[in-house]
Each structure stands twice: as structure tokens, then as C-alpha cells.
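> Starting off with a structure, shown below.
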Amino acid sequence: MVLLLAAILLPVLGGLLLFVFRPGYTLRTVFVSLVLLAQAALVALLVMTGQGSYYSCGAFIDLLPITFHIDGVGSLFVSLFTAARIIITLFSFRYMSREQGQNRFFGFWLLATGVLTGLSFAGNLLTFYLFYEMMTLSTLPLVFHEMTHEALMAGLKYLLYSIAGAFLALLGVMYLYHYDQALRFVPGGFMGGFAGNPVYLQLIAFVMILGFSCKAGLFPLHGWLPTAHPVAPAPASALLSGCITKCGVLGVIRTVYYVIGPDAIRGSWVQTTWMALALTTVFLGSMMAYREPVTKKRLAYSTVSQLSYILFGLSLLNPAGLSGALLHVVFHMAIKCGLFLCAGAIIFETGRKRVAELRGLGREMPVTCICWAGLALSLTGIPPFAGFVSKWSLAEGALAADIGVFRLLGPAVLLLSALLTAGYLFPLPVRGFFPGAGFQRQGEPAREAAPSMLLPVIILALLALLPGIFTSPLHDVIASITAGLL
């Protein structure tokens, strides 16, 4: 219990100290690094030694029990969040050195670290919802960090969409609380047997799926993503795309597979509508990314599309689909964090924010462009890169499911989206290394990013490749998590 509270509270207290003392660059860098490394060590101890443990922290306003539980899915997500934050933070020290309000930025960065840890280890739906709301509030300042009118409007949009999604989820929490005040997470769910009218239960399931999926950019609640990403600093964009959106995915997993139960919605209109919305989002997100000229906004639309790959896998309600979805959670986190950091390095060194401005960049920033190419190959799903493994599992799950027309429509949409992914990601390395005859760069040539920014990009590019070659360890972890859920 002490280790768990320390893992949550240590970064929160560290963030508060940054607000109070406002240290300079060197002291702040050392302090943030030590806090994150110490917190990562605590998380590692919890994951390795605390599997299956329940912890109770009393109740919120006497009736709402605050419970933590260390299980497989929570350990997977908190491990991913922890690794991603450390890598992104290493990049952010140099990137944020030109920004104002650095103590404010890193203060909320540490606050979000503690909140994401509590969210991952939540043991019941009430605790999860409490941290889910705190997650929105702790990350909102990262969106409007630059304090421009555009950034403030983007932050407001992020907040309004988050409130709308959280309100839908809260309706479901209130309904389910009427039948079971504990609402503990149980593999396979437990509400289907005694939650009253099954029609109402299905309606509540759909409302909660839609509410939590707002964070994951499911159509029609996806609008905040392409607005927030372009105005946020690149490290914040990487955090939003790689980690914050996955909180919505985790909310859907907890709701469907740990509370309501997949049997309650399998074969119903809820499953059909969920699959239809997910595939619609996959296609629309890819199309919008293909047409978008601004680099970071293109990546934001790509996130909208790729997250619905995950939601589609979850909606299949079978082992292959669930495994593919969890694999894509892992791979997408590495790939999209890497792409946003590549874009951040380019913006930091050149100031170029549009894809059309990046011709010939491969000659100036070759390592960054090579890493972008590797990440693009993985996200497209080209073997042996990691993205191929998860997308193959998703297609297998669709073909094995009894879902009518979606059995073939699903793989077809995923394949079309993969082609569009290649269309919107490959222009940068292709035009970067092969700008065309007679091309001449105007002005001063760019240079490669500093090692502290380049190393995280290289690490993430390797993570987009190596799991596709050495797949067995990760498959074993996913299999242990999915056992008992279906």
C-alpha cells in the first residue's frame, strides 16, 4: 500500500514543488529526472511483486469506495505510460529550453504522471472515473501552454469534448452503482447477470463506450485531437497521442471486459454500432490525414484513425481481436510518440511546420528522416515491423468472428487505411531524400537535432521494429492478460 501511494504521490508532490520554488534549467532537469526515475522504480516493483493485490483507501464522501488493484491490463498500461514519459521527457528538456513557463509545463507533466499511475492501478469503476477526470485537468495546461489565442481555444475545445465524454461515462457509472456499490473490476465482467433489464444494460454499455472513446477520438467525438495537437508543444503532443488517448481505450476495456462483460453485448446492436463507428473513424481519419498539409495536424488525424483500429479490435469480442487491440496499443504508443518527436525535432531545428516545406530535408537531418521512414513503415503495417503484427491479428480476429458483413468489411477498411497511411507518411522521407532535379534549399541549411533529442527518436524507431521480429515475449504477456476475459 505504501509503495502504491508513493508511486502516485511522489510525482504529484514533485510537480507542486516546481510551482512553488521555480528552479532554473539545470536544477529543474536534475529534479524532474530523479522524480521520474524514482517513480519508475516504484512502478516496476509494484508490477513485479504486487500482481493480484487489492488496496482500499477508504471512501470518497463516505459512499464511493476508493480501491486500487494491480492486475495484468493495469500493469501493461502503466508500464507503457512510464516508459513513454521517460523517453519523451529526455527529448523535452532540450525542446522546452526555448519556451516560457517551463516550470509550469514540467509541474503539470509530473502531476499527470501521478494521475496516470493512479488511473492504471484503479481497482473499481469509481476510482477509475475519479482519476480519469483528474487526468483531463492535469493535461489541459499542456495544451494551452503557449497561451496564444489559438492555444487557449484549442484547450477549451479539449476541455469541452472531455467533459462531454466524461458525462456520458458518468451516466453509466451512476446506473451501475445502483446495482453494485463496489463496482470492482472482475475479469469477464459481472453485471450481465443481475443488472436489471438487458435492454437498459446494453444502452448503458453503448453510452459508456462512446463516452470513454471520446478520449480515443472515436467519430463523432474526435474533433479535439486535430485542434489540440498543432498548438501544443511537441512533447505534449507525443504524450496526448501516445498516452492520454490510451486512457480512453483503457476505460472501454475496463467497462466492457471487467464490469459489464462481453456476453452482454455480443451480437447486439451495441456491437454492430460500435464496429460501424470504429471503421468509419479508421477511414475518415486516414482520409483527413492524407489531405492535411500541416505535419503535426496530419499526425493528429492519423492518431484518430489508428486508435479506432484498437477500438475495432475490442469490438470484435473474441481473443484474436482483443490480442490485436492490445498489441496495437503497445506499438502505436511507440510509433506515434516517435513520429511526433521527429516532427518536434524538425520544427525545433528548422521552424518548418508544413509537409511541403520538408523537401530535401533528408540531406540535412538524415537520422531524423530515416527514423521517420522506419516509424512510417511500422504504422503502415509492413513486415517485419511491429505494426504488421498487430494489424495481422486484428484482421484474423475479424475473419474469425461471427459479425456478418463486418467479417470482410473490417479487413478491407483496414487494408485501405494502410494504403492511405503510406500515402500520408512516406512523402516526408521520399521527398526528403529525393527532392527532384534542380532542387535548391533557400536560406541556411538545417542541422541534425542535439543528441538528447535524437536519442529518444532512435529508441522509439527501434521499438517500432524489434517487437515485430522478437514477438514471443510480448505475445506471452498479452495472452496472460486476455486469459479469462472472454
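> Of the residues in segment 323-350, how many are among the β-branched types (Val, Ile, Thr), surrounded by fewer than 24 Cβ atoms within 10 Å (Cβ to Cβ) and more than 15 Å from Leu463 (Cα to Cα)?
Count: 2.
> Within segment 433-469, restricting attention to residues that are in contact with a Ser or Thr (Cβ under 9 Å, 6 or more places away or on another chain), small (Gly, Ala, Ser) and at pLDDT below 90, which residue is nearest to Gly285 (Cα to Cα)?
Out of the qualifying residues, it is Ala464.
> Can you run down the residue pairs with Cβ atoms below 6 Å, 6 or more apart or on separate chains, where the first is in segment 64-76 and within 17 Å of Cys243 (Cα to Cα) and the partner is modelled with pLDDT of 90 or more and buried (at least 21 other Cβ atoms within 10 Å of the Cβ)?
Gly74/Ser120; Gly74/Phe121
> Taking into account only those residues within segment 275-304 that are among the β-branched types (Val, Ile, Thr) and part of a helix (DSSP H, G or I), which is modelled with the lowest pLDDT?
Taking segment 275-304 as the starting set, the residues that turn out to be among the β-branched types (Val, Ile, Thr) are 280-282, 294-295, 303-304.
Filter once more, so that each one left must be part of a helix (DSSP H, G or I): 280-282, 295, 303-304.
Working: Thr280: 95, Thr281: 95, Val282: 95, Thr295: 89, Thr303: 92, Val304: 92.
Filtering segment 275-304 for residues that are among the β-branched types (Val, Ile, Thr) and part of a helix (DSSP H, G or I), the one modelled with the lowest pLDDT comes out as Thr295.
> With respect to Thr139, determine if the residue is β-branched (Val, Ile, Thr), closer than 19 Å to Gln102 by Cα and at pLDDT 90 or above. I'd like the intermediate steps shown before the answer.
Details: β-branched (Val, Ile, Thr): yes; closer than 19 Å to Gln102 by Cα: yes; at pLDDT 90 or above: yes.
Taking the combined requirement at face value, the residue satisfies it.
> Please state which one of Leu375, Leu379 is of a type outside the set (Gly, Ala, Ser), under 19 Å from Phe283 (Cα atoms) and surrounded by 24 or more Cβ atoms within 10 Å (Cβ to Cβ). Give the steps one after another, and end with the answer.
Values: Leu375 fails: under 19 Å from Phe283 (Cα atoms).
The match here is Leu379.
> Next question. Residue check, Met174 against (1) more than 29 Å from Gly101 (Cα to Cα); (2) touching a residue at least 12 places away in the same chain (Cβ under 8 Å); (3) not in a loop (DSSP other than H, G, I, E, B), all met but one. Which one?
(2)
> Of all residues in segment 23-40, count the ones that are surrounded by 14 or more Cβ atoms within 10 Å (Cβ to Cβ) and either over 18 Å from Phe77 (Cβ atoms) or among the polar types (S, T, N, Q) (or both).
Taking segment 23-40 first, the residues surrounded by 14 or more Cβ atoms within 10 Å (Cβ to Cβ) are 23, 28-29, 31-33, 35-36, 38-40.
Filter again for either over 18 Å from Phe77 (Cβ atoms) or among the polar types (S, T, N, Q) (or both), leaving 23, 28-29, 31-33, 35, 38-39.
Here the count works out to 9.
> Let me ask something additional. Can you say whether Leu419 is under 19 Å from Val282 (Cα atoms), over 23 Å from the mean Cα position of the chain (by Cα), assigned to a helix (DSSP H, G or I) and at pLDDT 90 or above, as far as the supplied structure shows?
On the way: under 19 Å from Val282 (Cα atoms): yes; over 23 Å from the mean Cα position of the chain (by Cα): no; assigned to a helix (DSSP H, G or I): yes; at pLDDT 90 or above: yes.
When the stated conditions are applied, Leu419 does not pass them.
> May I pose another question? In the list Leu9, Leu3, which residue meets the criterion of being under 19 Å from Leu76 (Cβ atoms) and touching a residue at least 24 places away in the same chain (Cβ under 8 Å)?
Details: Leu9 fails: under 19 Å from Leu76 (Cβ atoms).
Just a single option satisfies the conditions, and that option is Leu3.
> Right, another one. Of everything in segment 123-141, what is over 14 Å from the mean Cα position of the chain (by Cα), surrounded by 24 or more Cβ atoms within 10 Å (Cβ to Cβ) and of a type outside the set (Phe, Trp, Tyr)? Give them in sequence order.
Within segment 123-141, Gly123, Asn124, Leu125, Thr127 meet the criteria.
> Can you find a residue in segment 432-448 that is out of contact with any Pro (no Cβ under 6 Å at 6 or more places or on another chain), assigned to a helix (DSSP H, G or I), hydrophobic (A, V, I, L, M, F, W, C) and under 16 Å from Ala325 (Cα atoms)? Reasoning before the result, please.
Initially, segment 432-448 is screened for residues out of contact with any Pro (no Cβ under 6 Å at 6 or more places or on another chain), giving 432-448.
Subsequent filtering for residues that are assigned to a helix (DSSP H, G or I) retains 432-433.
Next, from what is left, pick out any that are hydrophobic (A, V, I, L, M, F, W, C): 433.
Subset that is under 16 Å from Ala325 (Cα atoms): none.
No: zero hits.
> Would you mention how many residues in segment 382-405 are crowded, with 22+ Cβ neighbours inside 10 Å and assigned to a helix (DSSP H, G or I)? Quick ask: steps written out before the conclusion?
At the first step, the residues of segment 382-405 found to be crowded, with 22+ Cβ neighbours inside 10 Å are 385-387, 389-391, 393-394, 397-398, 403.
Of the ones still in play, those that are also assigned to a helix (DSSP H, G or I) are 386-387, 389-391, 393-394, 397-398.
Residues in segment 382-405 being crowded, with 22+ Cβ neighbours inside 10 Å and assigned to a helix (DSSP H, G or I): 9 in total.
> Additional query: From the list Ala412, Ala422, which one is free of Cβ contacts under 8 Å to residues at least 24 places away in the same chain and either under 19 Å from Leu299 (Cα atoms) or out of contact with any helix residue (DSSP H, G or I) (no Cβ under 8 Å at 6 or more places or on another chain) (or both)?
Working: Ala422 fails: free of Cβ contacts under 8 Å to residues at least 24 places away in the same chain.
The match here is Ala412.
The values are calculated or read from the model by the stated rules, or taken from the named source; none is laboratory data. All of these numbers come straight from a predicted model, not from anything done at the bench. Positions of Cβ are generated from backbone atoms using ideal geometry, with glycine treated the same way; all protein chains shown enter the neighbour counts.
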